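This report concerns only the one structure given below.
The values are calculated or read from the model by the stated rules, or taken from the named source; none is laboratory data. Just so we're clear, the structure is a prediction, and the values are computed from it rather than from any experiment. Cβ sites come from the backbone with ideal geometry, for glycine too, and all protein chains shown count toward neighbours.
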Amino acid sequence: MKSFEAYNPIVLTAYFLSVTLVLMFCQNPIFLLLSFLGALLYVLIRNQGENGKLHLHYFLLFLLFAILNPLFSHNGKTVLFVINDTLITLEAVVYGLVSAGCVITVLYWFYSFTKIMTRDKLLYVFGKLSPKLSLVLSMGLRYVPLFADKTMRIKNAQKALGLYKEDNILDKCRGDLRVFSILLTWALETGIITSDSMRARGYGKGKRTHFSIYKFHSCDYTLLLLVAVMLVFTLLGIGIGNIGFVFYPGMAWEDVNIFGILSYIFYGALAGLPTLIETGDRMKWKYLISKI
């Protein structure tokens, strides 16, 4: 067994797409709870309790989204209270909580995705689909941190020259405009140099090959098959399992059958898969260390 992020990037991409797309297109509170627990537990176990600011920011964002919906949407038959002739209904509050929870859960999943899927892994995945798209993505991922570093260097140089003398908004705006102008000039010049370099190396003339360190192993095929089976049973339950939940005009559950229960079980297993793999890998590692 190995850590979850050590699996083939194609398998990891398929997993994250499966677990997030089901959540985004099926706003079921049970699915939301299972997915949120899976995403949160994996973030906690992978980062060893760090990123407290991340959780705080997501919590504040959750409160913002949850509060906005009942203020602008007044559907529902259960009126909780009235604020300045504005009806606040129970259904709107619950729908706001579910929608906000869905957004935060997807953000948690994509946070893990960005930490696991490095630039090399993304290039490997998209290079299989479209080499040109892979090139554009590679250049974009390269220039984003490059621009951020260059911006800080320009600002520090401006401060060293004494151009930020006055501590007011107008002076900061002037300084930011100077930084933007210099950065824009540098970006255009860098783009021309990159284009000339690619043309000199014969880019676009004939078929090109690429090297990759990522290979498919038996464990990758096993995990991909496991994700596919869980996804199929989850979608089957969504289709014929009567797992629908109605928010308006009144909240109501459909009569869940055996396929719906299986759908909850398989999606819960799918959401908790990274945590289970990571926990198993760490337990194995501690066991092997204890044997030394």
Yes/no for ILE154 being within 24 Å of THR194 (Cα to Cα), more than 18 Å from the chain's Cα centre (by Cα) and surrounded by 14 or more Cβ atoms within 10 Å (Cβ to Cβ)
yes
Going by the structure shown, is ILE265 under 13 Å from PHE31 (Cβ atoms) and either of a type in the set (D, E, K, R) or in a helix (DSSP H, G or I) (or both)?
yes
When the residues of the range 198-236 are narrowed to those that are in a helix (DSSP H, G or I) and at pLDDT below 85, which ends up surrounded by the most Cβ atoms within 10 Å (Cβ to Cβ)?
MET198
Looking only at the range 10-31, and only at residues there that are in contact (Cβ under 8 Å) with a residue 40 or more places away in the chain and over 15 Å from the mean Cα position of the chain (by Cα), the one that is surrounded by the most Cβ atoms within 10 Å (Cβ to Cβ)
PHE31
For PHE62, indicate whether it is farther than 21 Å from GLY268 by Cβ, of a type in the set (A, V, I, L, M, F, W, C) and either part of a helix (DSSP H, G or I) or modelled with pLDDT under 85 (or both).
yes
Considering only the range 87-108, I want to know if a residue exists there that is hydrophobic (A, V, I, L, M, F, W, C), outside any helix (DSSP H, G or I) and surrounded by fewer than 18 Cβ atoms within 10 Å (Cβ to Cβ).
yes
The condition of being under 30 Å from the mean Cα position of the chain (by Cα), touching a residue at least 24 places away in the same chain (Cβ under 8 Å) and under 30 Å from SER112 (Cα atoms) holds, among LEU183, LEU224, only for LEU224
Step by step: first the residues of the range 247-278, then only those that are surrounded by 14 or more Cβ atoms within 10 Å (Cβ to Cβ) and of a type in the set (Val, Ile, Thr), then the one that is nearest to the chain's Cα centre (by Cα). Which residue is that?
THR275
Given the options ILE83, ILE116, name the one that is assigned by TED's automatic domain parsing to the domain that holds PHE233, over 29 Å from ILE261 (Cβ atoms) and surrounded by 14 or more Cβ atoms within 10 Å (Cβ to Cβ).
ILE116
